[in-house]
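Written out below as structure tokens is the structure these notes cover.
Laboratory data are not the source of any read-out in this text; all were calculated from the coordinates shown. Note that this is a predicted model, so its numbers are computed, not measured. Positions of Cβ are backbone-derived with ideal geometry, glycine not excepted, and every protein chain shown enters the neighbour counts.
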Amino acid sequence: MRSAKIDRVLSQEEIDNVFRNLRDPDDPNDAAKKAQPYDFRRPDRIAKDQLRAIHILHENFARTLASSLSAYLRAYVMVNLVSVEQLSFMEFSQCLPSPTIISSLGMRPFDGNAVLELNPSLAFPILEILLGGTGKANTNRIEREITEIEQSVLDGVYRIILHDMKQAWQAVIALQFSLESIETEPQMLQILAPNEAVVAVSMEVRIGENIGMMNIGIPSIIIKMLRQKFDQQWSVRKSESTLEEQERILRLISAAHAFLDTRLIGPTITTDDLLRLEEGDLLTLDYPIDRPVELHINGVKKFTGYIVDTGFKRSIQIEQDPTIAE
């Protein structure tokens, strides 16, 4: 008797089940379990410790910039660091508003360029303050391109930002930031390849009632080149300063000058009475001779003592160091 021939084709699912059963699911050497997804569009990843160092560096930059802009604009300015992350240049550009004010910054001695972006919600209130306005929040938000005259008015603000950036980076390396070009559309500033990685630093700037963002993009390749500089700067020193180091610092500051003044804290007088003073009028200080006076060094109270005579001059004899007594 001839056996019947079975003609059957396995489905793809059955074939996958066969190979799946042949593989030991608990095999620690399984290469499939060790594989990790990798996005080839985001190369040149930098270490997390470098990102933390850049975060600290730009926190210092934010504090300095807030003081500088407050003095320049004569308005209360707050600058807060929002985030430090690594993105592709395409992702960085797509996150920026349009139109905006985006600038290319030279970074000497390196050949690369950084990117500085000021939101219109930040730039136009600054322009209003510089032109004599109050800079109060405007419900009619301005969404237009900046003119060449307005760019010239903002030159002083750019000088302050670049100067404070230079001072902040001085702790790592001496970088010379320079303004090379300004565009109003993020897509127009093609200084990096779309897939090239940048370190994006976002800051929130508050001027009175106005809030705007300032974004900085630094090529990751430059950050990676400075890895050794960051390690040297931000490494924690476990040992205390030696006696030789303390003596060296004392030698360096020994030639410095300090301003000394002694103050008699007595009665007060109104400005009106002060303006009516004439020759021969007598002012009673009501300051007992046995009451100690304060000796200030560079405006800071340091010693107390008593007024004494030394020949034809008045002097102060130090009796107590208040900083030690406390």
What is the sum of charges, Lys and Arg at +1 and Asp and Glu at -1, for the other residues whose Cβ falls under 13 Å from the Cβ of Met107? 0
What are the ³J(HN,Hα) values, in whole Hz, obtained from phi via the Karplus relation 6.51 cos²θ - 1.76 cosθ + 1.60 with θ = phi - 60°, for each residue of the range 197-213 in sequence order, with x given for Gly and Pro? 7, 9, 8, 9, 10, 10, 10, 9, 10, 10, 10, x, 8, 9, 10, x, 10
If you average the alpha carbon positions of the range 255-276 and of the range 172-188, how far apart do those two centres end up, in angstrom? 49
Distance in nm between Met188 and Ser254 label points, each 7 Å along Cα→Cβ, equals 6.1
Within the P(r) computed for the range 48-234, what percentage of the Cα pairs occupies the region above 19 Å? 57
The simple spin-label model distance between Leu283 and Arg206, using points 7 Å out along Cα→Cβ, in nm, is 4.3
I'd like the Karplus ³J(HN,Hα) series for the range 253-269: coefficients 6.51, -1.76, 1.60, θ = phi - 60°, whole numbers in Hz, and an x wherever there's a Gly or Pro. 9, 5, 8, 6, 9, 10, 9, 10, 8, 10, 10, 9, 8, x, x, 10, 9
Karplus-derived 3J(HN,Hα) from phi for the range 97-111 (6.51 cos²θ - 1.76 cosθ + 1.60, θ = phi - 60°), whole Hz, x at Gly and Pro, runs x, 9, x, 8, 10, 10, 10, 9, 10, x, 10, 6, x, 8, 7
Lys and Arg at +1, Asp and Glu at -1: add these up for the other residues within a Cβ distance under 13 Å of Val153 and post the number. -3
Taking H as built 1.01 Å from N, whose amide H comes closer than 5 Å to the amide H of Leu295, not counting residues under 5 places away? Lys302, Phe303, Thr304, Gly305
For labels at Asp290 and Phe110 in the simple 7 Å Cα→Cβ model, what's the distance in nm? 7.1
